[in-house]
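Everything below concerns the one structure shown next.
The values are calculated or read from the model by the stated rules, or taken from the named source; none is laboratory data. Keep in mind that what you see is a predicted model, and the values were worked out from it rather than measured. Cβ sites come from the backbone with ideal geometry, for glycine too, and all protein chains shown count toward neighbours. Just the protein is used for accessible areas: all its heavy atoms, side chains included, with ligands, DNA and RNA removed. Shrake-Rupley method; radii C 1.70, N 1.55, O 1.52, S 1.80 Å.
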Amino acid sequence: VFANTLQTIKFPKVGPTEIPANCMANYQALVNVIIPEGYKKIGNVAFCPGLQENDIGTLKLIQIPEGIENIGNSAFKNSGIQSVRLPNSLLTIGEQAFANCNYLTSITIPANVTNINSQAFNNCHNLKDVYVVETDKSNVTIPNLNGNSPFSLLGLFGSGGGYPQNVTRNTTVNGEDY
């Protein structure tokens, strides 16, 4: 019953430090997720409304707080997310974490990210801007549009197309120090 009607979920401030795998999977009506500080991991398939490519959910707003270090495989796959600003604490983005997010238009990848797994942004056809925050300590290589990278655009964005138009490397995003 809740899977078809629940629109907002706010996780408790005290308790576990991980959003469990599959905890909100198949919740088709979910629009808003609020995760307070204190969590370290978002589990596999945590907010995926369904694993089929046409199972596009209504999730639009997600507040991913500082402290999150890992976003699991397919965590937001098929969601309706439009824009994501990932926390500086983030280290790993799982395989297909944001795959098939057809409304995703921009994403900011912080400097501390050291592992972006394959097809993390597969079939994100409207993803136009990828902001990569780099510092002297950055250990991850993010693809640029001319392919001079150990990662390939195909590896991150999959074979379904939807490659971003702009990949910007900087320490400042939209006028803010990141």
From the list Lys77, Lys41, which one is within 25 Å of Asn122 (Cβ to Cβ), touching a strand residue (DSSP E or B) at 6+ places or on another chain (Cβ under 6 Å) and either β-branched (Val, Ile, Thr) or free of Cβ contacts under 8 Å to residues at least 40 places away in the same chain (or both)?
Lys41
When only residues in segment 42-63 that are in a loop (DSSP other than H, G, I, E, B), open to solvent by less than 20 Å² (accessible area, probe 1.4 Å) and among the aliphatic types (A, V, I, L, M) count, which is modelled with the highest pLDDT?
Ala46
Restricting the search to segment 82-105, which residues are crowded, with 22+ Cβ neighbours inside 10 Å and farther than 13 Å from Ile116 by Cα?
Asn100, Cys101, Leu104
Give me the pairs: first residue in segment 101-129 and closer than 13 Å to Leu90 by Cα, second residue among the β-branched types (Val, Ile, Thr) and modelled with pLDDT of 85 or more, beta-carbon distance under 6 Å, and six or more apart or on different chains, which are they?
Asn115/Thr92; Ile116/Ile93
Those residues of segment 1-41 which are surrounded by 15 or more Cβ atoms within 10 Å (Cβ to Cβ) and of a type in the set (D, E, K, R) amount to Glu18, Lys41
